[in-house]
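Bear in mind that the values in this text are calculations on the coordinates, not laboratory data. Since the model is a prediction, treat every value here as computed from it, not as a measurement. For neighbour counting, all protein chains shown are included, and Cβ atoms are generated from backbone atoms with ideal geometry for every residue, glycine included.
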Amino acid sequence: MAAGDFLSRVELISPSEWAKGQIQSVQEYVLLAAQSLANLFKRPLYVADMMQQADLIGFGSLSIVILAGFFTGAVLAQNSASTLERFGSLSLIGQLVSIGMVRQLGPVITGLLVAGRNASGMASELGSMVVTEQIDAMRALGTDPTKKLVTPRVVATIFMLFFLTIIADLLGLLGGSFIAIFLLGLDGHQYWTTSWQILEYPDVVTGLVQPVFYGFLIATVGCYYGMTAKGGTQGVGRGTTQAVVVSSVLILVVDFFLTRLLTLLLGSR
Amino acid sequence: MPTLPIESADKETNEPAHEVVVFENVVLAFEDKAVLDGISFSLARGETKALFGVAGVGKSSILKLTLGLLKPDAGRIRVLGSDITQMGEDELFDLRSRIGMVFQESALFDSLTVRENVAFRLTEEKEVPDEEIERRVREALSFVELEHTLDQFPSELSGGMRRRVAIARAIVTKPELLLYDSPTGGLDPVTSTTIVELIVKQRDVYKTSSLLVSHRLQDAFTMATHRFDRTTGHMQPISPGARAEIPMTFVLLRDGKMVFDGSAQELARSDDPYIREYFS
C-alpha cells in the first residue's frame with residue numbers, strides 16, 4: 001500500500017524534458033560563471049568581502065590541508081617503498097614523492113578537500129539566503145548578488161587554493177621525508193636534495209595551474225547550487241550535496257584533460 | 001501600543017499627481033500556468049493600493065514585477081516613469097534605489113546586525129559619510145521605535161520587531177514608492193496594529209505611494225478609515241464623510257484576473273457575489 005502511494009506520487013518526465021532541463025542548467029551555470037569573472041571589471045569591487053572570504057576559505061581550510069598533505073606524502077612514500085626496494089632504488093623515494101605531490105596529488109587532494117568544505121558551505125549559505133528571500137531583498141536594495149556574493153567567493157577560492165596547494169605540496173614532501181628518514185633509515189639530506197633536483201619547470205607549472213581551475217570550479221559550482229536552490233530546507237540540503245559531488249567529479253575530470261593539455265604544451269617528462 | 005515619534009522632516013511633493021506604477025495587460029506564467037492574466041491598474045502618486053486575493057493568486061508576484069525581480073511574459077509595466085519591461089538588470093538596480101520593499105518574512109540579512117541591515121543600501125552607495133549613515137539609521141529605527149536594537153542580530157528579535165526593522169530598512173533612503181508584502185502576516189493583533197500605524201504614518205507624513213499585499217481585510221480598512229495625527233503621535237479614526245479624502249484603493253484578484261479596483265466606498269457598494277463573499 002505504501003509502495004503504491006509512493007508510485008502514485010512519482011512524476012514521470014519525458015526524456016526530452018529532462019534533456020532540456022539539463023541543458024538549461026548548464027546554460028545557467030555558464031552564465032553565472034562568466035558573470036562572476038565579468039564583475040571584476042565593473043564597479044563596485046567588493047574587496048572587503050573578498051578578504052573575508054579568503055580568510056574563511058583559506059585560513060579555515062589550512063588545518064585539513066596540512067593534515068591531508070602530510071599524510072598523503074607519508075602514505076605515498078610508505079606504499080612505494082617496497083616496490084622501489086625490490087629494484088634497489090629506495091634512494092629515489094624523494095623524487096617519487098616530489099613528482100607525485102607537486103604534479104598531481106597536491107593540487108587534486110587540496111582541491112577535493114576545499115570542495116568538500118567550501119563548495120558545500122557556499123551552496124548552503126547562498127541557498128538559505130535564496131529560500132529566505134535575502135537574495136531578492138539584496139536585489140531590491142539595488143545590489144547585484146553576483147557582484148556582492150559570487151565574485152568575492154570565486155576570487156578568494158582561486159587565490160587561496162593556489163597557496164593551499166603549495167602548502168600541501170610542502171607538507172606532502174615533509175610527510176614523505178618522515179617515512180624515508182625514520183622508518184626507512186634514508187639520509188634526510190639526500191631525500192630533500194633529490195626531491196628538489198627532480199622538479200623541472202613543467203612540473204611546477206602543471207601543479208600550480210591546476211588550483212586556478214579547481215578554485216574557479218569549486219566556487220562557481222558551489223555558488224550555482226546555492227543561487228538556484230528551490231524547495232525550502234530540503235532543497236538547500238539537496239543543493240549542498242550536489243555542489244560537493246559535482247565539484248569533486250569535475251575536479252577529477254578536469255585534472256585528466258588539463259594534465260594532458262599541459263603535457264602537450266609544456267612537453268612530457 | 002507604544003507612542004510613535006513625529007519627524008520634523010516632511011517630504012511634501014509639489015509635483016502634479018501622476019501615475020507612479022502602471023500595469024498594462026500584464027501576463028505572468030510559471031511553467032505554462034498563467035498566474036496573472038491581463039492585469040491592468042495604475043497607482044497614483046501618494047496613493048496606497050491594497051491587493052487582495054486568495055493564496056497563490058499572484059499578489060506577491062505583482063510586487064516582484066514592480067521591482068523588476070520578475071519579468072512579465074506579456075504586457076508593459078511602467079514604474080516611476082520608466083518602462084521596466086525594457087530595462088536590463090543594471091538599469092533596474094538604479095531604479096530600485098528609489099523603491100523600498102518590505103518582504104513577507106522580513107528577509108533581513110541574518111549575518112548582519114540591525115544597524116548593518118538598515119544601513120545596507122546607504123553603505124552600498126559608498127559616497128554617504130559614516131556619520132550621515134549613522135544618523136539616518138537611527139532616524140529610521142526611531143520611526144519604528146527600535147533604536148535600542150542597533151547591535152542585535154535579526155535572530156534575537158521577535159517576528160514583529162523583525163518586520164519593523166524591515167520597514168526601517170525600506171524607508172531609510174526615503175523612497176518614492178514602497179511595496180509591502182503581507183506586512184502583518186503571522187503577527188498578533190497588537191503588533192499588527194503597530195505595523196498598520198507605521199504604514200499609515202508613512203503614507204500621511206511622507207506621502208509615499210505604496211502597494212500593499214494583505215490577507216487581513218481589517219488592516220486595510222483601518223488604513224482607509226484612519227489618519228495619522230501628528231499631535232498625538234497615533235492614528236485617529238476619521239469621520240465617514242471625510243473617508244473619501246484618504247488616498248487608499250483596493251484591488252481584488254481572482255484566477256489571475258482583476259475583479260475589482262476602486263475605493264473602500266465603491267467596494268462597500270459592490271453587489272458582485274464573489275466580492276461580497278470574499279469581503280464578508
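Given H placed 1.01 Å from N in the peptide plane, which residues other than close sequence neighbours of residue B:259 have an amide H under 5 Å from its amide H?
B:252, B:253, B:254
Residue by residue through A:139-151, how many Cβ atoms from other chains fall within 10 Å of the Cβ on average?
6
Please tell me which of these pairs span more than 23 angstrom C-alpha to C-alpha: B:126/B:174; A:230/B:49; A:147/B:126; A:230/B:59? Show your work: numbers first, answer last.
Values: B:126/B:174 17 Å; A:230/B:49 31 Å; A:147/B:126 15 Å; A:230/B:59 20 Å.
Those over the limit are A:230/B:49.
Mind ranking A:207-217, B:23-33, B:242-252 by how tightly packed they are, going by the mean number of other C-beta atoms within 10 angstrom, highest first? The partial results should precede the final answer.
Numbers: A:207-217: 22.5, B:23-33: 14.0, B:242-252: 18.5.
With the highest mean Cβ count within 10 Å placed first, the list reads A:207-217, B:242-252, B:23-33.
Note down the magnitude of the dipole of chain B about its Cα centre, charges +1 on Lys and Arg C-beta and -1 on Asp and Glu C-beta and zero elsewhere, to the nearest 20 debye.
600 debye
Which whole-number percent is the relative contact order of segment B:99-174 (Cα, under 8 Å, 6+ apart)?
Details: 85 pairs, mean separation 39.1, N = 76.
Once normalised by length, the contact order is 51 percent.
Give me the inter-chain shielding for B:105-113: mean count of other chain Cβ atoms within 10 Å, whole number please.
Numbers: counts 5, 4, 10, 4, 6, 4, 3, 1, 0.
Mean partner shielding for this stretch: 4.
Taking amide H atoms as placed 1.01 Å from N in the peptide plane, list the residues 5 or more away in sequence, or in a different chain, whose amide H sits under 5 Å from that of residue B:35.
Residues meeting the amide H criterion: B:28, B:29, B:30.
Which order do the peptides A:81-87, B:195-201, B:141-147 come out in when sorted by mean C-beta neighbours inside 10 angstrom, highest first?
On the way: A:81-87: 12.0, B:195-201: 23.0, B:141-147: 19.7.
My ranking of the peptides, most packed first, is B:195-201, B:141-147, A:81-87.
Dipole size in debye (nearest 20) for segment A:45-266 around its Cα centre, Lys and Arg Cβ +1, Asp and Glu Cβ -1?
Values: 10 positive and 12 negative charges, 86 e Å.
Magnitude of the dipole: close to 420 debye.
Determine the shielding of peptide A:104-117 by partner chains: average, over its residues, the number of Cβ atoms on other chains within 10 angstrom of each Cβ.
Numbers: counts 0, 0, 0, 0, 0, 0, 0, 0, 0, 0, 0, 0, 0, 0.
That works out to 0 on average.
Quick one: compute the contact order of chain B, relative version, from alpha carbon pairs under 8 angstrom and 6+ residues apart, as a percent. Mind dumping the intermediate values first?
On the way: 496 pairs, mean separation 70.0, N = 280.
This gives 25 percent for chain B.
Please list 3J(HN,Hα) in residue order for segment B:71-76, calculated via the Karplus relation 6.51 cos²θ - 1.76 cosθ + 1.60 where θ = phi - 60°; whole Hz, with x for glycine and proline.
With the stated coefficients, segment B:71-76 comes to 10, x, 7, 7, x, 9 Hz.
I'd like to verify something in chain A: which complete DSSP H helices, judged by Cα projection on the helix axis, reach 20 Å or more and average at least 1.6 on the Kyte-Doolittle scale?
Details: long enough: A:15-38 (34 Å, 0.00); A:60-86 (42 Å, 0.91); A:151-178 (40 Å, 1.70); A:201-227 (40 Å, 0.98); A:232-266 (48 Å, 1.30).
Qualifying helices: A:151-178.
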